[in-house]
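Contents: one structure, followed by commentary.
No value in this document is a laboratory result; all are computed from the given coordinates. Note that this is a predicted model, so its numbers are computed, not measured. Cβ placement follows ideal geometry from the backbone for every residue including glycine, while neighbour counts extend to all protein chains displayed.
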Amino acid sequence: MLKLLRPTVRDLAGDLLYAIGLTRPDRGARRLNVVTFHRVLPQAQLREYPLAAIAVSVEEFTWFADYFSRHFTVDTFANAARRWEAGERPERPFLAITFDDGQRDNALHAVPVLERFGLRGSFYVPVKALDDNETLWHDRLGYAAAALLRTDRSAASRALARLGAPELADDVATVQELVERAKRLTPEERDAFVDETERAAGGNSRPAWDGMMTWEQLRAMVARGHEVGSHSMTHQLLPQLDDAALAYEVAESRRVLEARLGSKVETFCYPNGDADARVVRAVREAGYARALSTRWGPNDPGTSPFDISRCDIQASTSRTRKGVLSESRVALRLSPLQPRP
C-alpha cells in the first residue's frame, strides 16, 4: 500500500513546496545550477536506444529548454561559472546545460532546440571517438546486450552471470545494470568483455542513425556561442589509469581540441564523474579552469571549481504519476530539498 501511495505523496509534496516557494528557482539566486543530458532523440530512435536513463525525446527536451529559459539565466558552463565566481547574482539564478559524450544527436536535435529559445550549451566530447566515429564502450555494450536479450537469452544470461548481474523483469533495466557492473572491471577486462558480448550478438549493433559529432559540426557550434569541452580522449574511467595514460586522456585531449577548434578549451568533464585527488591534479596541471563531476546537487559559493556538481535530467523522474512533465517536479529535483541518490 505504501508503495502505491508514494507517487501521490511525491506529487503532492512537490506541488506544495513549489506553491509556497521553497523550491522555486528564484529562491536559489546564490547557487550555480548545472544540468546534464546525454542523448536527445526522435521517438523512433529513442525506442531503439538501449540506455533509456540517459536519453530524452526531442519533445521532452523542448519542454525542458522552455522551462529553463523562463526560470534561469542560462549560459555556457564556462561563462556561467566565471560570472558566478565573480559574484554576479542575477534575479534568475545561473544554470548551465551540459551534454556528455559528443553524440551526433546533440548537433542534430539538441542544438536547434537550444537556439530556438536563445540558449547556449556546453558539450563534452571524447576526442579520439570523434576522429574514428567510434561507439563508446557503454553504448557498444548496451546495444549488444539488448540484441542478445532479443535473440539469444541463454547467451545474454551467460554474459550477465559473468559480472554477477541479475536478469531483471524489465530488459531495459537489465541492460543498464550490466553496464553499471562493467564499470567495476579494469579497462582491459572491460574492453575484452565488451568485445566478447558484441561478438556473441553478431557484431556491432549500432543503428545507422547513431554516431559521433563531426569536427565541422563542433566548429560551427563554437562559432554560434556554444562551448565545447573535454571529456577525455577515449572515455576511460580515469582513476583506473596509470600516470602516463591519465596525462594522455586529460592533457592531450585539451591540446587536440584547441588545435582542431581554434578556440580555448577551459573546462573538463570527468567520464562517469570518476575523479580522485590524482585525477583532479592532472586536470588542474593540464590548464583547465574548472571541471564537472556527477555529484548531485546545486553548487553553493565556495565549491571547488574542480568538483562542480550537476543534476541529471530524466523525463521519467520529471513526470507526475499521471505521466505529465511537471515544473514542480523539476524544481524539486534542482533544489537542495531533493533527496540525493
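When the helices in the chain are scored as -39500 (n - 2.57) per DSSP H run of 4 or longer and the sum is shared across all residues, what 222 nm value do you end up with, to the nearest 500 deg cm²/dmol?
-13000 deg cm²/dmol
Charges on Cβ only, +1 for Lys and Arg, -1 for Asp and Glu, centred on the Cα centroid of the chain; of 25, 95, 108, which one is farthest towards the dipole's positive end?
Looking along the dipole axis, the top candidate is 25.
Using the charge dipole of segment 137-200 (Lys, Arg: +1 at Cβ; Asp, Glu: -1 at Cβ; taken about the Cα centre), state which of 197, 161, 151 has its Cα farthest towards the positive end.
With unit charges placed on the Cβ atoms, the residue in question is 161.
With +1 on each Lys and Arg Cβ and -1 on each Asp and Glu Cβ, and nothing else charged, work out how big the dipole of the chain is about its Cα centre, in Debye to the nearest 20.
Using Cβ point charges on Lys, Arg, Asp and Glu, the chain gives about 1140 debye.
Normalized C-alpha radius of gyration of the chain, against 2.2 N^0.38 Å?
Rg over 2.2 N^0.38 Å, computed on Cα atoms: 0.99.
Calculate the dipole size of segment 223-282 relative to its Cα centre from +1 charges on Lys and Arg beta carbons and -1 charges on Asp and Glu beta carbons; express the result in debye to the nearest 20.
With Lys and Arg at +1 and Asp and Glu at -1, about 280 debye.
Given Cβ point charges of +1 (Lys, Arg) and -1 (Asp, Glu) and nothing else, what value in debye, to the nearest 20, does the dipole of segment 1-94 about its Cα centre take?
On the way: 14 positive and 11 negative charges, 70 e Å.
Here segment 1-94 has a charge dipole of around 340 debye.
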